[in-house]
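The values are calculated or read from the model by the stated rules, or taken from the named source; none is laboratory data. Model, not experiment: these values are computed from the prediction. Cβ placement follows ideal geometry from the backbone for every residue including glycine, while neighbour counts extend to all protein chains displayed. Remember, those area values only see protein heavy atoms, side chains included, never the ligands or the DNA or RNA. Shrake-Rupley method; radii C 1.70, N 1.55, O 1.52, S 1.80 Å.
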Amino acid sequence: MAKTAKRTSGGVKIHDQMLIRGEGGELHQITDTGDEVLTTAQGGPVLDDQNTLKIGSNGPTLIEDFHFREKIFHFDHERIPERVVHARGYAAHGYFENYKPLAKFTRADLFARAGEKTPAFVRFSTVAGSKGSFDLARDVRGFAVKLYTQEGNWDLVGNNIPVFFIQDAIKFPDLIHAVKEEPDRAFPQAQSAHDNFWDFISLTPESMHMIMWVMSDRAIPRSFRFMEGFGVHTFRFVNAKDESTFVKFLWKPKLGLQSVLWNEAVKINGADPDFHRRDLWTAIQSGNYPEWELQVQLFDQEFADEFEFDVLDPTKIIPEEILAPIPVGRLVLDRMPENFFAETEQVAFMTQNVPPGIDFSNDPLLQGRNFSYLDTQLKRLGSPNFTHIPINAPKCPFAHFQQDGHMAMRNPVGRANYQPNSHGIGPRESIAKGFRSFAEAEEGQKARLRPESFADHYSQARQFFVSQTVGEQQHIAAALTFELSKVKLPEIRERVVAHLLNIDTDLAGKVGQKLGLAKMPKPADAAVPTRQDLDESPALSIVKNGPQRFEGRKLGILVTDGVDANLLAALKAAIVKEGAVCEVVAPKVTGAKADDGSLVEADEMIDGGPSVLYDAVALLPGAAGMADLLQESTARDFLADAFSHCKFIAYVEAAMPLFAKAGIADALDDGVIPLAAKKDIATFVGRLTELRFWEREAKVKMG
Ligand code: HDD
């Protein structure tokens, strides 16, 4: 991509024009003042980019104005179709670093050597919303990883949830049609809380396990950096002896798991619809590179045969406590795209992109996906040559006889565009290097059947639910109630509650009661009765898998004139030492005047810096500024929201009137920590690793 040249005095005279070489070695025309010359896309220097060519100043515009025509022509064709699903996404570059050789299991080169780094490009996304929707929708998050290996691109196109709604790819269009805005009214945008989605779900029992995940806090992650990723399907590792080992892929965030509360998500979407984008951008630009560990669950056919669920069923997991994941490498994201459209919008992920040593299983969802992704790129990117776009091009040597097609940036050269050929030129297949599919012996008749082994739709849904903390279970109940409160047809609500009865009767009762069902429905028919004996899996809880430190999180410090400068400096230093960041919030854009006369600059004015943007808050007003602060309803909300969202709150004595204004002066608990002196900072910071003061939840009842 041509880099725009920086202004420079240096340059070379070519054909008596002043030209300079840009950073990438490309040439730029420059004016005599050292500015780069504006040109048309054809390279023609532009005289005037402010006025169209007319007769006189008030006459008609001339059609010969080729600069105007080309500029408007290109503008009119700037948009490409957004992704039919996962339209809203955000991506970063980085690398995958392999821990140790895995040759025993796979011949894939990227796993061959310890310390080997493979360039990576990762796009996180929501599923349902359009490209311009908000970040903190209750939704699955795409976790698409492109690894530019020496044997071609490997796209592990996963989600932040290890199972899926459906078992057969043929139902995907129906699922997406049902979750997206309704066709007759074109709303709701980026929300599952509507009749069509829950109508489809209530008629699709196989979706129940996924519904537990999507109604849990997993669907409202605090940050892409604090969420897990999963390959979902069972894949195969194939070693050099063509021996296969089943493998499931998991991405574990170094900074632990964290989500927000639904009430917080609703408010964050209002305050900052780009919350997740800004979070990733800021972290990477400030050198706080997010990191995940790649772990694999490896198992053989014997394990698969003995495991109580079908490993080919994408609505099922293998609990980590049954098959411990093995760490094999780490993914670090350390560079943002130079241009969003060029890279994030044009990147093409495809589940079919696997290097030798990684192969597919017969998971029907994966099989269907392998057809869809290539197909959809043609629609989005408009040409079979989408691998000519830099972000999609392999970073390893490649050679083939594919030619022509729209926007061909390169074509095979020479006379032979076919093989075998007697010209003795052009690439040939390689027995040693070529991708060898695992030689699975298959048999059976052609039929449209669903495996009996896929038929248990409730047992793992129950296992997920019972593995949550009490608070997390309440959030699931609150989410289901919220979602179904937006569903108008009573029979849909009843069908969903009938399914819930097969998962957990208390859950079903709570939801049914909140929906005001006159009487509880019968439990839905279950092809396989719900297993009550599946062990809890602590790995499934977010709260049980939080961070070791407050690292990567954000403290909001509310200040006014008269703020104690020393205390503020000590608090900031302690938070930075934790690897976290502070933002100062003040009633005025300019900030506040501290007690020592210095100016404390504000990162946010209180109206634009609500406490939902922070993981914890500190109230450090000065007595001088309290009177004004108490006039600000946003100051009251800042504290009231932080309290009801179970956040840790530090405060100085001068802030007490604000607690009264927020109506919580009599409700202070151990999550509200006085900063009477610098020594109290350590007490406050020491609690922040818990992220939330969950004991308060019973009091505030915030789902
Ligand atoms: Fe998909 C995009 C993940 C089921 C068909 N999918 C897409 C993206 C992610 C996933 C992360 C965004 C990629 C990007 O950032 O550009 N999809 C999944 C997961 C699934 C899944 C984890 C279930 C386990 N998908 C799925 C099925 C089908 C598709 C069953 C079709 C049979 N997915 C597509 C697609 C998309 C896509 C229509 C739209 C944009 C694109 O491919 O590039 O082909």
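For the reader, a short list of remarks on this structure follows.
- Test: residue in segment 208-226 that is part of a strand (DSSP E or B) and touching a Ser or Thr at 6+ places or on another chain (Cβ under 9 Å): yes
- The number of residues in segment 319-353 being more than 15 Å from the ligand (Cβ to nearest atom) and either within 25 Å of R462 (Cα to Cα) or open to solvent by 10 Å² or more (accessible area, probe 1.4 Å) (or both) comes to 15.
- So L298, is it away from the ligand (no atom under 16 Å from the Cβ), in contact (Cβ under 8 Å) with a residue 24 or more places away in the chain and not in a loop (DSSP other than H, G, I, E, B): yes
- Pairing residues of segment 174-187 that are within 16 Å of R83 (Cα to Cα) with residues that are modelled with pLDDT of 95 or more and loosely packed, with under 13 Cβ neighbours inside 10 Å, at Cβ distances under 6 Å and at least 6 apart in sequence or on separate chains, gives E181/F187.
- Residue among A399, A416 that alone is open to solvent by 30 Å² or more (accessible area, probe 1.4 Å) and aliphatic (A, V, I, L, M): A399
- Among (1) under 30 Å from V238 (Cα atoms); (2) outside any loop (DSSP other than H, G, I, E, B); (3) free of Cβ contacts under 8 Å to residues at least 24 places away in the same chain, the one test that E491 misses: (1)
- The one condition from (1) open to solvent by less than 20 Å² (accessible area, probe 1.4 Å); (2) in the same structural domain as A642 (by TED's automatic domain parsing) that G562 does not meet is (1).
- Residue satisfying all of: in segment 370-409; farther than 27 Å from A112 by Cβ and of a type in the set (K, R); farthest from the ligand (Cβ to nearest atom) among these: K379
- Scanning segment 585-637 for residues that are among the hydroxyl-bearing types (S, T, Y), part of a helix (DSSP H, G or I) and open to solvent by less than 50 Å² (accessible area, probe 1.4 Å) turns up S611, T634.
- Filter result for the condition that a residue is in contact (Cβ under 8 Å) with a residue 24 or more places away in the chain, open to solvent by 30 Å² or more (accessible area, probe 1.4 Å) and touching a Lys or Arg at 6+ places or on another chain (Cβ under 6 Å), over S202, S244: S244
- Taking residues in segment 52-78 that are in contact (Cβ under 8 Å) with a residue 12 or more places away in the chain and within 18 Å of L38 (Cβ to Cβ), and partners anywhere that are of a type in the set (V, I, T) and in a loop (DSSP other than H, G, I, E, B), the pairs with Cβ atoms closer than 7 Å and at least 6 places apart or on different chains are D65/T52; H67/T40; H67/V46; F68/T52; E70/T40.
- Breaking point among (1) not in a helix (DSSP H, G or I); (2) not assigned by TED's automatic domain parsing to the domain that holds D310, for I201: (1)
- Of the residues making up segment 227-269, those that are out of contact with any strand residue (DSSP E or B) (no Cβ under 8 Å at 6 or more places or on another chain) and either within 10 Å of L136 (Cα to Cα) or part of a strand (DSSP E or B) (or both) are W262, E264, A265, V266, K267, I268, N269.
- Of all residues in segment 205-223, exactly one satisfies the criterion of being in contact with a Leu (Cβ under 8 Å, 6 or more places away or on another chain) and open to solvent by 10 Å² or more (accessible area, probe 1.4 Å), namely D217.
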